[in-house]
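The values are calculated or read from the model by the stated rules, or taken from the named source; none is laboratory data. From a predicted model like this one, the values you see are computed outputs, not experimental measurements. As a convention, Cβ positions derive from the backbone with ideal geometry for all residues, glycine included, and neighbour counts pool all protein chains shown. Just the protein is used for accessible areas: all its heavy atoms, side chains included, with ligands, DNA and RNA removed. Shrake-Rupley method; radii C 1.70, N 1.55, O 1.52, S 1.80 Å.
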Amino acid sequence: MMKRSLLLLALLSGYANAQSLDYPSVWQCDANKPNWYCDMDEAKPAPARQPTSRKPDQAKRIDLKDIKTAEQLRQELKRREDVAVMNPTDQNMKDYLELWQMTQDKGAVFADNWRRVVWQNPSLDYAQKRPVNNSAIKIYDEGRIQTEEKQLKMLAKEHGLIFFFRSDCPYCHAMAPTLRMLSDKYGIEVLGVSVDGMGLPEFPNPRDGRAQTAAWGIERVPALFIGSKQTGDRAPIGFGMMALTEIVNRIFVLTGTKPGDNF
């Protein structure tokens, strides 16, 4: 009986103390007491979306007559294309093609006006700088060839070409006669340099270039450089097999023009 009375007294005392605390229960979630476990409120279900009377692919549709800007045209054309791709019905395809035809018509008018303005304003006509018809191209090329030959003959007085090759390289064998022809025609000296210590028929006694290849950054042959006899300065002309006209053109462009002058 004594034990039961003491237990009842302890329970009543705990209940009284709990009533005096600043929260009703130790089990209640309280942000100021993070050690207690707090059950999160159950997520409320999202409100149901109200049905719409319009189809999703028609929500932002713009009729042809209402298209006033290029941005509207691009957006609507893309929208109709997406609809036709995902649902290629006859109506969707027709809907897309109608706007595509409108785009084509506007593009045709733009292109026509473009050429009219260019024809009447020579400062805007690229053909005045670089001909585009066959007759003018022929005259332009003849003048360019004469200028290139003049430039190369002038360079030959103080410059030379350096030809790096390997004796077992078929492209080097094929390019060697071209360089001999170049030397004979324009009077420019061509120095043969072998990267394996062996020569070619056109260059039977080349310089040994096995030490120079690494210093000059040569990773492939044939390689062609132009160098100054006075200062020793050098510059690459190109790597790989090149035809005679290509070599002459590269030398002219790299030594006689500024970027954009001859393009």
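Just to be sure before I move on: is Leu224 surrounded by 12 or more Cβ atoms within 10 Å (Cβ to Cβ) and farther than 12 Å from Ile162 by Cα in the structure I sent?
Answer is no for this residue.
Only one of Glu76, Glu81, Glu98, Glu71 is open to solvent by less than 60 Å² (accessible area, probe 1.4 Å), over 30 Å from Tyr140 (Cα atoms) and either in contact with a Pro (Cβ under 9 Å, 6 or more places away or on another chain) or of a type in the set (Asp, Glu) (or both); which?
Among Glu76, Glu81, Glu98, Glu71, only Glu76 is open to solvent by less than 60 Å² (accessible area, probe 1.4 Å), over 30 Å from Tyr140 (Cα atoms) and either in contact with a Pro (Cβ under 9 Å, 6 or more places away or on another chain) or of a type in the set (Asp, Glu) (or both).
What is the one condition in (1) within 24 Å of Asp233 (Cα to Cα); (2) open to solvent by less than 90 Å² (accessible area, probe 1.4 Å); (3) at pLDDT below 90; (4) in contact with a helix residue (DSSP H, G or I) (Cβ under 6 Å, 6 or more places away or on another chain) that Lys153 does not satisfy?
That leaves (2) as the condition not met.
Show me the strands (runs of 3 or more DSSP E) found entirely inside segment 183-243 where at least 1 residues are over 22 Å from Leu254 (Cα atoms) and modelled with pLDDT of 90 or more. It would help to see each step written out before you state the result.
Working: elements: 189-194, 223-228, 234-239.
It comes to 189-194.
I'm trying to understand the selection: among the residues of segment 138-149, which are surrounded by 13 or more Cβ atoms within 10 Å (Cβ to Cβ) and either over 15 Å from Asn249 (Cβ atoms) or among the basic types (Lys, Arg) (or both)?
Listed by number, the list holds a single entry, Arg144.
From Ser135, Ser183, grab the single residue that is of a type in the set (Ser, Thr, Tyr) and farther than 17 Å from Leu244 by Cβ.
From the options Ser135, Ser183, the qualifying one is Ser135.
Is segment 188-211 home to any residue that is open to solvent by 60 Å² or more (accessible area, probe 1.4 Å), free of Cβ contacts under 8 Å to residues at least 60 places away in the same chain and of a type in the set (Gly, Ala, Ser)?
So far as segment 188-211 goes, yes, one or more of its residues are open to solvent by 60 Å² or more (accessible area, probe 1.4 Å), free of Cβ contacts under 8 Å to residues at least 60 places away in the same chain and of a type in the set (Gly, Ala, Ser).
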